[in-house]
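S.K.: This is the structure I want to talk about, given as structure tokens.
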Amino acid sequence: MATLVRRAYKILLFLFIWLYSIKHVHIYPVPDYQLTFWYGLSGKLGIQDANDLIVPTMMICQLVTAVVVYILLIRLWRICARRFWKDT
């Protein structure tokens with residue numbers, strides 16, 4: 001039962017971090033120089049709407065950000081927990 005709770009906690013922690021990064025890693029408003037880059041890249045890739053390229057790319061960036069933050073939090077927790085419970 002404890003393993004199930006730990007896994008559920010980790011899943012909820014990751015989802016919270018990912019949703020937080022979606023909220024705070026903004027994609028709009030996009031500056032003009034970035035718009036020209038995205039429109040040029042979408043034209044080279046044969047994508048008619050630049051938003052069809054921008055949104056999935058930003059979602060991937062937010063997912064990578066969430067994974068990195070999650071890994072760092074888990075490692076930091078292990079280090080702090082090891083130091084705390086070693087003394088008691």
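S.K.: If you scan the stretch 65-88, which residues turn out to be among the aromatic types (Phe, Trp, Tyr) and within 15 Å of the chain's Cα centre (by Cα)?
M.R.: Correct list: 70 only.
S.K.: When only residues in the stretch 26-77 that are of a type in the set (Gly, Ala, Ser) and in contact with a Ser or Thr (Cβ under 6 Å, 6 or more places away or on another chain) count, which is farthest from residue 11 (Cα to Cα)?
M.R.: Across the stretch 26-77, the extreme among qualifying residues is 50.
S.K.: For the stretch 32-46, which residues satisfy the criterion of being within 11 Å of residue 57 (Cβ to Cβ) and polar (S, T, N, Q)?
M.R.: The one that is within 11 Å of residue 57 (Cβ to Cβ) and polar (S, T, N, Q): 42.
S.K.: Being outside any helix (DSSP H, G or I) and without any contact (Cβ under 8 Å) to a residue 12 or more places away in the chain is the filter; apply it to the stretch 1-42 and report the residue that is farthest from residue 73 (Cα to Cα).
M.R.: 31
S.K.: Across the stretch 1-31, which residue is nearest to residue 63 (Cα to Cα) among those that are among the small types (Gly, Ala, Ser) and surrounded by 10 or more Cβ atoms within 10 Å (Cβ to Cβ)?
M.R.: Restricting to residues being among the small types (Gly, Ala, Ser) and surrounded by 10 or more Cβ atoms within 10 Å (Cβ to Cβ), the top hit is 21.
S.K.: Could you list, in sequence order, all residues of the stretch 56-87 that are within 22 Å of residue 30 (Cβ to Cβ) and loosely packed, with under 12 Cβ neighbours inside 10 Å?
M.R.: Within the stretch 56-87, 56, 60, 64 meet the criteria.
We did not get these values from a lab; they are worked out from the coordinates using the rules stated. Here the structure is a predicted model, which is why all the values come from computation and not from measurement. A quick note on method: Cβ atoms are made from the backbone with ideal geometry, for glycine too, and the neighbour counts reach across all protein chains shown.
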